[in-house]
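Enquirer: This is the structure I have questions about; it appears just below.
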There are 2 protein chains.
Amino acid sequence: MPVLLSLSLICFWSDFSALDNAKLVDLTHAFSEKTLYWPTAKGFQLNEDFKGTTDNGFYYEANSFSAAEHGGTHLDAPIHFAADTWTCDQIPIQKLMGTAVVIDVRKQCKGNRDYQVQIGDFKNWEKQHGQMPKDAIVLLRTGNGKHWPDAEKYLGTAERGPQAVPKLHFPGLHPEAAAWLVAERHIDAIGLDTPSIDYGQSQLFETHQILFAANIPAFENVANLDQLPPKGAYIIALPMKIQAGSGGPLRIIALLP
Amino acid sequence: MPVLLSLSLICFWSDFSALDNAKLVDLTHAFSEKTLYWPTAKGFQLNEDFKGTTDNGFYYEANSFSAAEHGGTHLDAPIHFAADTWTCDQIPIQKLMGTAVVIDVRKQCKGNRDYQVQIGDFKNWEKQHGQMPKDAIVLLRTGNGKHWPDAEKYLGTAERGPQAVPKLHFPGLHPEAAAWLVAERHIDAIGLDTPSIDYGQSQLFETHQILFAANIPAFENVANLDQLPPKGAYIIALPMKIQAGSGGPLRIIALLP
C-alpha cells in the first residue's frame with residue numbers, strides 16, 4: 001500500500017490533466033426565487049438590469065442579485081457561531097477540499113424528521129469502510145434532499161417569519177457526535193442535505209458551536225448526495241469569497257473514483 | 001509519452017488524496033465595499049443582520065448582501081453577450097477546469113493601457129512552450145492586477161455613472177486574437193487581470209461576442225496571476241450557481257505543479 005500510494009503521488013504530480021477526465025457531480029442547488037432560506041432570512045432575488053439588443057446592435061444580458069448569506073447551498077464559516085474563528089474569506093482552501101466520507105442515515109431518518117446523527121452512525125460506517133481518513137469531508141445523507149425545494153417537506157414548514165422557526169423539522173448532527181468528530185477524528189469540514197447542521201428543533205445550535213469553535217466549517221443544503229459512493233469521492237467546495245462574511249453561496253462538486 | 005500518460009491516469013484514478021498536498025493559489029479578490037465594479041453597475045454591499053451574543057447566550061453573526069453579477073472576480077457566462085448560449089448555471093463544470101496557459105503581456109501593456117492582446121502574443125508563448133493543450137484555460141497577465149483596488153489606476157477612472165464609461169482604460173483581448181483562439185485552438189475558457197475581456201475603450205465588445213457565441217466563458221478581475229508559471233498550473237473556477245444568470249461571483253484557484 002505505501003508503495004502504491006507513493007507511485008500515485010509521483011504520477012499525480014506529473015500531470016494534473018487527468019482531472020480533465022474525472023467524472024464530476026455538481027452538489028449545488030441553483031439559486032433562484034425557489035431557493036429555500038431560513039424562515040427569518042431574506043431570500044434570493046435576481047433583478048434584470050438589461051436583456052435584449054442594445055442600441056449598438058449587439059445582444060446583452062446583465063442582472064443584480066441579493067440574498068442572505070445562509071440559504072441555498074451555502075457555507076457556514078466558523079465565525080457564524082464562534083467568536084474569533086475564521087470568516088468566510090479566511091478559511092484555507094485546503095480545508096474545503098478533501099476525501100468524502102458519506103454517511104447514509106436515511107433509514108434512521110425515515111419516519112423521524114427530528115433524527116440527530118449519532119456517534120454510532122460514524123462507527124457503523126467505519127466498521128464497513130475502515131477509519132475515516134485524516135482531513136476528510138464528512139457528508140450526512142439524511143434523505144431530506146429529495147424534498148428540495150418543497151419548503152413544507154424540506155424545512156418542516158412553508159411559513160415565513162419568526163413564528164415559523166419552532167415549526168422547523170429536519171434531521172441534523174447530534175452535539176455529542178459533533179464533539180466526537182472534533183476530539184477523535186481530524187476532519188476538514190462537514191456537510192449535509194438539510195438547511196442546518198443542527199436539527200430543526202435545536203434552540204441552542206450546540207453542534208454549530210462545537211464544530212465552529214474547532215474551526216470546522218459546514219456545508220448546508222448540499223444537493224445530489226445520492227450520486228456519491230460511501231467512500232472514494234473527492235470534494236472541492238469553493239464559497240463566494242465574502243470578506244468578513246459569516247458564510248455565503250457555495251459551489252460544491254465531487255470528483256468520482 | 002502515451003505510456004507515461006496512461007500510467008498517470010491509472011495512478012490518478014486510484015487516489016485523489018494527492019490533491020490534499022497540492023500547492024494552491026487563490027486567484028480571487030475578496031468581496032467588500034472596496035470591490036471594483038463597472039461605473040454603471042451596483043457595487044457589493046454587505047448588511048450586518050446580527051453580530052454578538054444572543055439572548056440564549058451563544059455567539060452569532062449573519063449578514064445579507066447584494067451586488068451586480070459583473071464585478072469583483074467574476075464569471076461572464078456566454079449569455080452575457082450572445083443569445084441562446086449558456087447561462088451561468090448551465091456551463092458544464094468541466095469547462096471551468098483545465099490546464100492554465102499564462103500569457104505574460106506586461107511588457108506590451110507597459111505605457112499602453114489600451115493594449116489589446118494579439119495573435120502574435122499567443123504564437124510567442126507557443127514558440128517557447130509548444131502548442132497550447134486542448135481544453136486549456138488561457139490567462140492573460142497584463143500587469144493591471146497590481147493596481148487592484150485603486151479604481152483610478154485599475155479601471156482608468158474612479159468616476160461612477162455612464163459619463164465615466166468613455167474614460168475606461170485597461171488592456172484586453174483583441175477581437176482578431178479571440179477569433180483565432182476560437183478557430184485554431186480548442187480552449188475551455190479565458191481569464192485576465194482586468195475588468196473586461198474587451199479593452200477599456202471598446203464600444204462594441206466584439207471579443208465578448210466572438211468568444212461567447214462559441215460558448216467560451218470569461219473570468220474577469222482575476223487575482224494573483226503573478227504567482228502562476230507560464231504552464232503547468234491547473235485551474236478550478238467555480239461560480240456561484242445563479243439560475244439564468246449572465247455571470248456571477250467566481251471563486252477561482254490554481255493547483256501548482
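Computed from the coordinates by the stated procedures, all read-outs in this text should not be read as laboratory data. Because the structure is predicted, anything quoted here is derived from the model rather than measured. Note that each Cβ is placed from the backbone with ideal geometry, even for glycine, and that neighbours are counted across all protein chains shown.
Enquirer: Which value, in debye to the nearest 20, gives the size of the charge dipole of region A:155-242 about its Cα centre, when Lys and Arg are +1 and Asp and Glu are -1 at the Cβ?
Expert: 180 debye
Enquirer: Considering only A:S32, A:S17, A:S66, give the residue with the highest GNM mean-square fluctuation for chain A, with springs between Cα atoms whenever their separation is below 10 Å.
Expert: A:S17
Enquirer: Separate question: Among bridges DSSP assigns within chain A, what percent are antiparallel (round to 5)?
Expert: 70 percent
Enquirer: Please give, to one decimal in nm, the separation of the simple spin-label points placed at A:N56 and A:L256, each 7 Å out from Cα toward the Cβ.
Expert: 4.4 nm
Enquirer: While we're here: Run the dipole for region B:16-89 about the Cα centre, Lys and Arg Cβ at +1, Asp and Glu Cβ at -1, nothing else charged, and hand back the magnitude in debye, nearest 20.
Expert: The dipole magnitude comes to about 240 debye.
Enquirer: Label position 7 Å from Cα toward Cβ: report the copy-to-copy distances for A:P149 in nm, one decimal, ordered from shortest.
Expert: Relative to the other copies, A:P149 has label-point distances of 2.9 nm.
Enquirer: Based on alpha-carbon positions alone, could you give the equivalent ellipsoid semi-axes of region A:211-257 from the gyration tensor, as √(5λ), descending, whole Å?
Expert: Computed over region A:211-257, the values are 23, 13, 10 Å.
Enquirer: Defining the label point at 7 Å along Cα→Cβ, can you sort the distances from B:P162 to the same site in each other copy, shortest first, in nm?
Expert: Label point to label point, same position, other copies: 4.5 nm.
Enquirer: Nearest 500 deg cm²/dmol is fine: what mean residue ellipticity at 222 nm does chain B get from its DSSP H runs of n ≥ 4 alone, each adding -39,500 (n - 2.57), divided by its residue count?
Expert: -5500 deg cm²/dmol
Enquirer: Out of B:F44, B:V138, B:L19, whose Cα points farthest toward the positive end of the dipole of region B:7-138 (charges: +1 Lys, Arg; -1 Asp, Glu; placed on Cβ)?
Expert: Of B:F44, B:V138, B:L19, it is B:V138.
Enquirer: Sticking with this one: Could you bin all the Cα-Cα distances of chain A into 10 Å bins starting at 0 and give me the percent of pairs in each, rounded to whole numbers?
Expert: Calculated P(r), rounded to whole percents: 7, 29, 35, 19, 8, 3, 0.
Enquirer: Next question. Given a Förster distance of 35 angstrom, what is the FRET efficiency for B:N112 paired with A:Q94, based on the Cβ-Cβ distance and rounded to 0.05?
Expert: My answer for the efficiency is 0.35.
Enquirer: Taking the radius of gyration and the Kirkwood hydrodynamic radius from Cα positions alone, what is the Rg/Rh ratio for the protein assembly as shown, to two decimal places?
Expert: Answer for the protein assembly as shown: 0.98.
Enquirer: Using only the alpha-carbon atoms of region B:143-198, report the extent along each of the three principal axes, biggest first, to the nearest angstrom.
Expert: 39, 23, 14
Enquirer: OK, next. Have a look at the DSSP beta bridges in the protein assembly as shown and tell me what percent are antiparallel, nearest 5.
Expert: Close to 70 percent.
Enquirer: Under a GNM of chain A (C-alpha, springs under 10 Å), which listed residue has the highest mean-square fluctuation: A:G156, A:G52, A:G71?
Expert: A:G52
Enquirer: As a test, work out the antiparallel percent of DSSP beta bridges whose residues both lie in region B:124-257, rounded to the nearest 5.
Expert: The antiparallel fraction comes to roughly 50 percent.
Enquirer: Let me ask something additional. Using all C-alpha to C-alpha distances in region A:169-226, build P(r) with 10 Å bins and read off the rounded percent in each one.
Expert: It works out to 25, 57, 19, in whole percents.
Enquirer: Something else: What is the Cα centroid distance between region A:24-102 and region B:20-59, reported in whole angstrom?
Expert: Each part's Cα centre sits 11 Å from the other's.
Enquirer: Continuing with this model, one more query. Could you list the residues of region B:65-106 with an amide nitrogen less than 12 Å from a label point located 7 Å from the Cα of A:Q227 in the Cα-to-C-beta direction?
Expert: Those under the cut-off are B:92-94.
Enquirer: Any idea what the A:K110 label distances to the other copies are, label 7 Å down the Cα→Cβ vector, nm, shortest first?
Expert: Result for A:K110, in nm, nearest copy first: 7.0.
Enquirer: For chain B, what is the relative contact order in percent, using Cα pairs closer than 8 Å and at least 6 residues apart in sequence?
Expert: Taking the mean separation of contacting Cα pairs over the length of chain B, I get 29 percent.
Enquirer: Which one, B:P229, B:P92, B:P39, has the greatest fluctuation when you compute a Gaussian network model over chain B with C-alpha springs under 10 angstrom?
Expert: Residue with maximal mean-square fluctuation among B:P229, B:P92, B:P39: B:P92.
Enquirer: Something else about it: Hey, what does the equivalent ellipsoid look like for region A:77-140, semi-axes from the Cα gyration tensor as sqrt of 5 times each eigenvalue, largest first, whole Å?
Expert: Sorted largest first and rounded, they come to 26, 18, 9 Å.
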